[in-house]
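> Submitted below is the structure of interest, expressed as structure tokens.
The values are calculated or read from the model by the stated rules, or taken from the named source; none is laboratory data. Bear in mind the structure is a predicted one, so any value in this text is a computation, not a measurement. Here Cβ is always computed from backbone atoms with ideal geometry, including for glycine, and neighbour counts include all displayed protein chains. These accessible areas exclude ligands, DNA and RNA; they are computed on the full protein's heavy atoms, side chains included. Shrake-Rupley method; radii C 1.70, N 1.55, O 1.52, S 1.80 Å.
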Amino acid sequence: MDTAYTSEWTRKAREIGPAFADRAGEFDSKGQFVDQNFGELKHAGFFAAGVPKELGGGGASHAEICDMLRELARHCGSTALALSMHQHLVAAAVYRHLHGQPAEALLRAVASKNLVLVSTGAGDWVQSTGQVERVEGGYRVTARKIFGSGSPKGDMMITSAPWDDPSQGPVVLHFPVPFASEGVSLGSDWDTLGMRGTGSQSIYLNNVFVPDDKISLKRPRQGWHPVWSVVLTVAIPIYMAPYVGIAEAARDLALEQSRKRAAEPHTFITVGEMDNALMATRLAWRAAIENAANYDFKPELERANTALVCKTLLTQSALLTVNKAMELAGGAGFYRQLGLERLFRDIQAAPYHPLPEKKQQLFSGRVTLGMDPVQS
């Protein structure tokens, strides 16, 4: 499917994708990180695709990054999702850079050193997790950070931890941590229903030293902060793009399978239901992309809320699309050899990204009624 967002990066993803598709089943069955795919993506410059050209990157727009990930997911959902976690961190840095905030050094490093960034925000959310001790020249951090997608090949994690500041009270510190830092280790706990190749195991920080000059943000632990309005607005269309690609791939597989047998009256209805659901998926995703306005927006709460609503609507319709694809394929869809079963398992991960449906509805309801969306 060509969209208004298609660029050279989508075309590159289409070219490199078939090799990923050939390996997707093996990575999934072994629960093994898609390391070979990450290596090929690095070689082809995908990790710097979203960095502005003047900083040494590929210059892809926000929408073009989203579409690139959608296309990759049609071939291997785990690869696309793991890459999306890097890309949404780059996108947040691009926003800061374009709005006069310090991010140039990080973006130049991503482009020149081909760095892989790893996010821990999904498990941390607003209040963050871990223990922090103030020491001379910085802080010592001990924490377990879950859902560290891409961590087996990660160079730098972008993370946070809560601290009781003696003068300001409970705050959250935001900072980068190189994976080569003393005290950083990876768990072996990523054994899951779907997205088994993302390498999303826990990351352990054991008394890791974070210098004062690496603290990028100190904010109150309670209540909403504008940084989250930026992060959610740019991140949601990116990390949900793989699920659009998975839904599209499931639809295509199911149609191909259905054509191998005589059509029955209910077949036409199921196809119609599936295509309706896929259209709803695409519309919600496009609305989220347009909401991000290629980084040209103010960090407003209502914009973050719109992104979260789009995420819930996209999730609902993407799940329905793949469910209808399974129904259309019939018994053949139950066999792992077809590949539809893997897509069915991978799409189940969509609800767990921030925010899950009930939490989004609570958040949005509070916003509509003029309250802080984060309960103290």
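> Being open to solvent by 40 Å² or more (accessible area, probe 1.4 Å), part of a helix (DSSP H, G or I), of a type in the set (A, V, I, L, M, F, W, C) and in contact with an Asp or Glu (Cβ under 9 Å, 6 or more places away or on another chain) narrows it down to one of Leu283, Leu320, so name that one.
Matching residue, one of Leu283, Leu320: Leu320.
> Under 6 Å between Cβ atoms, at least 6 apart or on separate chains: pull out the pairs that start in the range 350-376 with a residue that is farther than 20 Å from Ser149 by Cβ and end on any residue that is open to solvent by less than 70 Å² (accessible area, probe 1.4 Å) and among the polar types (S, T, N, Q).
Going by the 6 Å Cβ cut-off, the qualifying pairs are Glu357/Thr312; Gln360/Thr312; Ser364/Asn305; Val367/Asn305.
> Output the number of the condition that Thr129 fails; it satisfies all remaining conditions of (1) over 23 Å from Ala13 (Cα atoms); (2) over 20 Å from the mean Cα position of the chain (by Cα).
All conditions are met except number (2).
> Right, here's the next one. Of all residues being charged (D, E, K, R) and closer than 27 Å to Leu193 by Cα in the range 74-132, which is least open to solvent (accessible area, probe 1.4 Å)? Just the residue, please.
Asp124
> Then there is this: Can you list the strands (runs of 3 or more DSSP E) lying wholly within the range 95-203 that have 3 or more residues being among the hydroxyl-bearing types (Ser, Thr, Tyr)?
none
> Could you check how many residues of the range 165-184 are of a type in the set (Gly, Ala, Ser) and either surrounded by 12 or more Cβ atoms within 10 Å (Cβ to Cβ) or in contact (Cβ under 8 Å) with a residue 40 or more places away in the chain (or both)?
Total satisfying the criteria: 3.
> Which residue pairs have Cβ atoms closer than 6 Å, lie 6 or more positions apart in sequence or on different chains, and pair a first residue in the range 323-349 that is assigned to a loop (DSSP other than H, G, I, E, B) with a second residue that is open to solvent by 30 Å² or more (accessible area, probe 1.4 Å)?
Gln348/Leu193
> Restricting to the range 70-82, name every residue that is over 22 Å from Ser229 (Cα atoms) and either of a type in the set (A, V, I, L, M, F, W, C) or not in a helix (DSSP H, G or I) (or both).
Leu72, Ala73, Arg74, His75, Cys76, Ala80, Ala82
> While we're looking at this one, here's another question. Name every residue in the range 1-35 that is of a type in the set (Ser, Thr, Tyr), modelled with pLDDT of 95 or more and open to solvent by less than 20 Å² (accessible area, probe 1.4 Å), in order of residue number.
If the condition is that a residue be of a type in the set (Ser, Thr, Tyr), modelled with pLDDT of 95 or more and open to solvent by less than 20 Å² (accessible area, probe 1.4 Å), then Thr10 is the only one that fits.
> Residue pairs, Cβ under 7 Å, 6 or more apart or interchain, first in the range 257-274 and within 14 Å of Asn323 (Cβ to Cβ), second among the β-branched types (Val, Ile, Thr). List them.
Final answer for the pair search is Met274/Thr321.
> For the range 350-375, give me each residue that is in a loop (DSSP other than H, G, I, E, B) and under 20 Å from Gly123 (Cβ atoms).
Across the range 350-375, the qualifying residues are His353, Pro354, Leu355, Pro356, Pro373, Val374, Gln375.
> Then there's this: Please tell me if Arg251 is open to solvent by 40 Å² or more (accessible area, probe 1.4 Å) and touching a Lys or Arg at 6+ places or on another chain (Cβ under 9 Å).
Here the answer is yes, as Arg251 does meet what is asked.
> Scan the range 72-93 and tell me whether some residue there is in contact (Cβ under 8 Å) with a residue 24 or more places away in the chain and on the phi > 0 side of the Ramachandran plot.
No: the range 72-93 contains no residue that is in contact (Cβ under 8 Å) with a residue 24 or more places away in the chain and on the phi > 0 side of the Ramachandran plot.
> List the number of the failed condition for Ser188; all other conditions in (1) closer than 18 Å to Ser84 by Cα; (2) small (Gly, Ala, Ser); (3) surrounded by fewer than 16 Cβ atoms within 10 Å (Cβ to Cβ) hold.
Among (1) closer than 18 Å to Ser84 by Cα; (2) small (Gly, Ala, Ser); (3) surrounded by fewer than 16 Cβ atoms within 10 Å (Cβ to Cβ), the lone unmet condition for Ser188 is (1).
> Only residues that are surrounded by 17 or more Cβ atoms within 10 Å (Cβ to Cβ), of a type in the set (D, E, K, R) and touching a strand residue (DSSP E or B) at 6+ places or on another chain (Cβ under 7 Å): list them for the range 196-227, please.
Arg219, Arg221
> In the range 36-73, what residues are open to solvent by 20 Å² or more (accessible area, probe 1.4 Å), acidic (Asp, Glu) and within 13 Å of Glu8 (Cα to Cα)?
Glu64
> Now a separate question. Would you check if there is a residue in the range 22-41 being touching a Leu at 6+ places or on another chain (Cβ under 9 Å) and closer than 17 Å to Ala91 by Cα?
no
> Here's something else I'd like to know. Taking the condition of being among the polar types (S, T, N, Q) and more than 16 Å from the chain's Cα centre (by Cα), how many residues in the range 149-165 meet it?
Total satisfying the criteria: 1.
> Out of the residues in the range 341-376 meeting the condition of being open to solvent by 70 Å² or more (accessible area, probe 1.4 Å) and among the polar types (S, T, N, Q), tell me which one is modelled with the lowest pLDDT.
Once the filter is applied, the top-ranked residue is Ser376.
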